[in-house]
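Before any comments, here is the structure.
The values are calculated or read from the model by the stated rules, or taken from the named source; none is laboratory data. Note that the coordinates shown come from a computational prediction; the quantities given were computed from them, not determined experimentally. When we count neighbours, we look across all protein chains shown, and the Cβ atoms used for this are built from the backbone with ideal geometry, even at glycine.
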Amino acid sequence: MTAVGGLAPRSKYDNNHLVPSTKKQETHDRIVRTAAAAIRKHGFAGTSVADIMEQAGLTHGGFYAHFDSRDAMLAEALDRGAGEALEGLARAPDGAAPGAALEALVASYLSDRHLAAPEAGCTLAALGSEAPRQTAEVRRVATRRAKEMADLIARQLPGWGSATGHEDALAVMSCLVGAMVIARAVDDPALGKAIRGAAAKLIRNGVRR
């Protein structure tokens, strides 16, 4: 790291070792990134501090230099995972024909790729059933990100800004998330595909224009 004005970069103690503050942030981000994928793949209950630190290539003892508790890590991981998923979903309508933005978003969400990769996808579909049993801190994150997803969907609707737009967005979000949860739950690929196709059709025919 290059020193500024002849001064060495500021450092902080991390796990009893003096390290540059940027190094600590990089390590923190690695833990959060690892946890964000793990909770979506294994669930909150299936994600332990020891496993996350091992997957991140770090020692268990260094965890509390970054988080006050496991729940604090889970909240930040959920926020990171939801943000990543929303960013990807927001790009889905890019290049879509006029009036086809919602269709593009729906196709992306209900795709085979999303179905097969919960660790990189929507946190509501991956973790929604577990959220009621989490701490208030984690649920606040889930609530905020759910509202952001509804807002993203609303912006793709033909009636964006209308009195019914928010209600339609909530209905579309519920249909998308529910379809993905059920499609992942069943062990019949044909049924899972039919569920997603039926959801897409319902949205296509049901959104008010």
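Here is a check on your reading of the model: is A97 over 16 Å from the mean Cα position of the chain (by Cα), among the small types (G, A, S) and over 21 Å from K193 (Cβ atoms)? I'd like the intermediate steps shown before the answer.
Values: over 16 Å from the mean Cα position of the chain (by Cα): yes; among the small types (G, A, S): yes; over 21 Å from K193 (Cβ atoms): yes.
Criteria met by A97.
Name the single residue that is modelled with the lowest pLDDT among those in segment 34-61 being among the small types (G, A, S) and not in a loop (DSSP other than H, G, I, E, B). Break it down stepwise before answering.
We begin by selecting, within segment 34-61, every residue among the small types (G, A, S); these are 35-38, 43, 45-46, 48, 50, 56-57, 61.
Applying the additional criterion that residues be not in a loop (DSSP other than H, G, I, E, B) yields 35-38, 50, 61.
Numbers: A35: 96, A36: 96, A37: 96, A38: 96, A50: 93, G61: 77.
Ranking the qualifying residues of segment 34-61, first place goes to G61.
If you scan segment 148-188, which residues turn out to be more than 19 Å from A92 (Cβ to Cβ) and of a type in the set (D, E, K, R)?
Those that are more than 19 Å from A92 (Cβ to Cβ) and of a type in the set (D, E, K, R): E167, R184, D187, D188.
Would you mention how many residues in segment 116-142 are more than 14 Å from A77 (Cβ to Cβ), aliphatic (A, V, I, L, M) and touching a helix residue (DSSP H, G or I) at 6+ places or on another chain (Cβ under 6 Å)?
Final tally of qualifying residues: 2.
Has segment 35-45 got at least one residue that is under 19 Å from the mean Cα position of the chain (by Cα), more than 16 Å from V138 (Cα to Cα) and charged (D, E, K, R)?
yes
Where in segment 70-157 are there helices (runs of 4 or more DSSP H), lying fully within it, with 1 or more residues that are buried (at least 20 other Cβ atoms within 10 Å of the Cβ) and either without any contact (Cβ under 8 Å) to a residue 24 or more places away in the chain or of a type in the set (D, E, K, R) (or both)? Quick ask: steps written out before the conclusion?
Working: elements: 70-91, 101-109, 112-116, 123-127, 136-154.
Passing ranges, in order: 70-91, 136-154.
Working only within segment 189-209, note down all residues that are under 16 Å from A116 (Cβ atoms) and among the charged types (D, E, K, R).
Of everything in segment 189-209, those that are under 16 Å from A116 (Cβ atoms) and among the charged types (D, E, K, R) turn out to be K193, R196.
Report, by residue number, each residue of segment 165-192 that is without any contact (Cβ under 8 Å) to a residue 60 or more places away in the chain, assigned to a helix (DSSP H, G or I), among the hydrophobic types (A, V, I, L, M, F, W, C) and touching a helix residue (DSSP H, G or I) at 6+ places or on another chain (Cβ under 6 Å).
Keep residues of segment 165-192 that are without any contact (Cβ under 8 Å) to a residue 60 or more places away in the chain, which gives 165-171, 173-175, 177-178, 181-182, 185-191.
In the following step, the residues that additionally are assigned to a helix (DSSP H, G or I) were identified as 165-171, 173-175, 177-178, 181-182, 185, 189-191.
Among the residues that remain, those that are also among the hydrophobic types (A, V, I, L, M, F, W, C) are: 169-171, 173, 175, 177, 181-182, 185, 190-191.
Passing the criteria: A169, L170, M173, C175, V177, V181, I182.
What is the one condition in (1) outside any helix (DSSP H, G or I); (2) surrounded by 21 or more Cβ atoms within 10 Å (Cβ to Cβ) that S162 does not satisfy?
Condition not satisfied by S162: (2).
Please find, within segment 16-33, the residue that is modelled with the lowest pLDDT out of those that are farther than 17 Å from D68 by Cα and in a helix (DSSP H, G or I).
Of all residues in segment 16-33, those farther than 17 Å from D68 by Cα come to 17-23, 26, 33.
If we keep only those that are in a helix (DSSP H, G or I) too, we end up with 21-23, 26, 33.
Details: S21: 63, T22: 88, K23: 85, E26: 91, R33: 94.
Restricting to residues being farther than 17 Å from D68 by Cα and in a helix (DSSP H, G or I), the top hit is S21.
Name the residues in segment 165-176 that are under 17 Å from A82 (Cβ atoms) and crowded, with 17+ Cβ neighbours inside 10 Å, would you?
Answer for segment 165-176, where residues must be under 17 Å from A82 (Cβ atoms) and crowded, with 17+ Cβ neighbours inside 10 Å: A169, M173, L176.
How many of the residues in segment 145-157 are more than 27 Å from A77 (Cβ to Cβ) and either basic (K, R) or out of contact with any Gly (no Cβ under 7 Å at 6 or more places or on another chain) (or both)?
First, the residues of segment 145-157 that are more than 27 Å from A77 (Cβ to Cβ): 156-157.
Going one step further and asking which of them are either basic (K, R) or out of contact with any Gly (no Cβ under 7 Å at 6 or more places or on another chain) (or both), we end up with 156.
Result for segment 145-157: 1.
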